[in-house]
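Here's the structure, in structure tokens; my notes come after.
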């Protein structure tokens with residue numbers, strides 16, 4: 001059999017010309033130049049040994065031989081189109097972006113944000129993990145890293161994310177048992193629950209209107225996960241310094257958690273989204289990183305503003 005008789009594009013040109021009556025419309029449908037579509041059709045007819053399109057007719061129409069071929073072709077083309085969809089789907093599944101986030105952010109925010117991104121880029125699959133950093137990124141264990149600090153490296157592209165802010169929170173039952181501290185030095189009579197983790201900036205000072213005071217405690221417990229800290233504080237095990245307001249909106253509304261220390265808070269610190277230098281915005285990983293940095297910042301900042309509103313606090317006064 002002549003090789004051109006196995007050329008699917010040539011047969012698609014024939015089917016489109018027969019259906020639309022126009023070579024130029026067929027070329028547009030198939031994203032070909034008119035000259036290329038015309039050459040393919042002519043070579044197909046030559047390989048088949050008969051004219052398939054009557055060029056004297058306007059609009060163009062199949063010859064009697066072309067009509068017989070067209071009937072068989074139209075049975076075969078849908079199956080091929082299904083195969084093309086299959087190929088496209090399986091190929092798209094190879095666009096996997098391996099993302100790592102801090103565990104609390106991953107557990108609290110990530111699923112909803114990934115559902116949003118799937119609607120924007122359905123060909124991208126996000127494979128999520130937690131608490132991996134620059135070393136794993138450069139080793140290619142992951143493609144995108146959500147980091148609680150900003151590394152200074154020429155081999156990375158950095159997308160700035162949100163300014164992080166937390167203030168001491170406690171449950172009323174704990175405060176009834178142990179009293180309410182009103183100044184940082186009074187924390188020496190209390191149990192504190194703090195976050196730790198690779199490169200996470202552990203709280204050392206509290207600030208208020210330019211003043212700085214060291215963090216002191218009677219007993220301290222560290223967790224890697226902000227949601228574990230939230231659970232421990234809700235159970236009355238201590239005062240938490242590292243729970244973002246956006247993660248406890250319902251608890252603030254209901255009074256299950258309340259702020260302590262009259263406005264003293266941690267220093268702000270910066271998160272970022274990092275990718276390898278070759279993962280520019282034109283790549284799948286780079287495009288996702290840029291979107292995620294914006295979307296995560298947008299949501300977390302909005303939820304923090306809502307937390308301030310619930311508490312009746314003007315952050316400009318802190």
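The values are calculated or read from the model by the stated rules, or taken from the named source; none is laboratory data. As the structure is a prediction and not an experimental result, all values here were calculated from the model. Neighbour counts are summed over all protein chains in view; Cβ atoms, including those assigned to glycine, are modelled from backbone coordinates with ideal geometry.
Being part of a loop (DSSP other than H, G, I, E, B), in contact with a helix residue (DSSP H, G or I) (Cβ under 6 Å, 6 or more places away or on another chain) and assigned by TED's automatic domain parsing to the domain that holds residue 178 is true of residue 236. Number of residues in the stretch 1-19 that are within 19 Å of residue 63 (Cα to Cα) and touching a residue at least 40 places away in the same chain (Cβ under 8 Å) equals 7. Suppose we keep only residues that are in contact (Cβ under 8 Å) with a residue 60 or more places away in the chain and closer than 17 Å to residue 160 by Cβ within the stretch 295-318. Which one would you say is farthest from the chain's Cα centre (by Cα)? Step by step, filter the stretch 295-318, then rank; the result is 304. The single condition among (1) over 17 Å from residue 109 (Cβ atoms); (2) in contact with a helix residue (DSSP H, G or I) (Cβ under 6 Å, 6 or more places away or on another chain); (3) part of a helix (DSSP H, G or I) that residue 227 does not satisfy is (1).
Residues are listed down the side, and each one gets a yes or a no for (1) closer than 30 Å to residue 98 by Cα; (2) in the same structural domain as residue 123 (by TED's automatic domain parsing):
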site	(1), (2)
230	yes, no
254	no, no
282	yes, yes
286	yes, yes
289	yes, yes
295	yes, yes
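Among the residues that make up the stretch 36-46, is at least one of them closer than 17 Å to residue 76 by Cβ, without any contact (Cβ under 8 Å) to a residue 40 or more places away in the chain, surrounded by fewer than 21 Cβ atoms within 10 Å (Cβ to Cβ) and under 49 Å from the mean Cα position of the chain (by Cα)? Within the stretch 36-46, none of the residues are closer than 17 Å to residue 76 by Cβ, without any contact (Cβ under 8 Å) to a residue 40 or more places away in the chain, surrounded by fewer than 21 Cβ atoms within 10 Å (Cβ to Cβ) and under 49 Å from the mean Cα position of the chain (by Cα). As a summary of the residue check, residue 248 satisfies the conditions (1) in contact with a strand residue (DSSP E or B) (Cβ under 6 Å, 6 or more places away or on another chain); (2) crowded, with 17+ Cβ neighbours inside 10 Å; (3) closer than 21 Å to residue 107 by Cβ except for the one numbered (1).
Just one residue in the set 149, 159 is touching a helix residue (DSSP H, G or I) at 6+ places or on another chain (Cβ under 6 Å) and in the same structural domain as residue 292 (by TED's automatic domain parsing); that residue is 159.
For residue 242, the test of being in a loop (DSSP other than H, G, I, E, B), within 29 Å of the chain's Cα centre (by Cα) and not assigned by TED's automatic domain parsing to the domain that holds residue 130 is passed. For the stretch 24-35, the set of residues classified as surrounded by fewer than 20 Cβ atoms within 10 Å (Cβ to Cβ) and in contact with a helix residue (DSSP H, G or I) (Cβ under 7 Å, 6 or more places away or on another chain) consists of 24, 29, 30, 33, 34, listed by residue number. Pairs please, first residue from the stretch 152-170 and without any contact (Cβ under 8 Å) to a residue 24 or more places away in the chain, second anywhere and surrounded by 20 or more Cβ atoms within 10 Å (Cβ to Cβ) and part of a strand (DSSP E or B), Cβ atoms under 9 Å, 6+ apart in sequence or on different chains. Cβ pairs passing all conditions: 153/274. Condition (residue is outside any strand (DSSP E or B), at pLDDT 85 or above and surrounded by 11 or more Cβ atoms within 10 Å (Cβ to Cβ)) applied to the stretch 77-96: is it met by at least one residue? Looking for residues that are outside any strand (DSSP E or B), at pLDDT 85 or above and surrounded by 11 or more Cβ atoms within 10 Å (Cβ to Cβ), one finds none in the stretch 77-96, hence no. Looking at (1) surrounded by 16 or more Cβ atoms within 10 Å (Cβ to Cβ); (2) modelled with pLDDT under 90, find the lone condition where residue 17 falls short. Of everything listed in (1) surrounded by 16 or more Cβ atoms within 10 Å (Cβ to Cβ); (2) modelled with pLDDT under 90, residue 17 misses just condition (2). So in the stretch 124-139, with the set limited to residues that are assigned to a loop (DSSP other than H, G, I, E, B) and free of Cβ contacts under 8 Å to residues at least 60 places away in the same chain, which one is surrounded by the most Cβ atoms within 10 Å (Cβ to Cβ)? Step by step, filter the stretch 124-139, then rank; the result is 132. For the stretch 180-217, the set of residues classified as more than 33 Å from the chain's Cα centre (by Cα), part of a loop (DSSP other than H, G, I, E, B), over 15 Å from residue 240 (Cβ atoms) and in contact (Cβ under 8 Å) with a residue 12 or more places away in the chain consists of 182, 183, 209, 216, listed by residue number.
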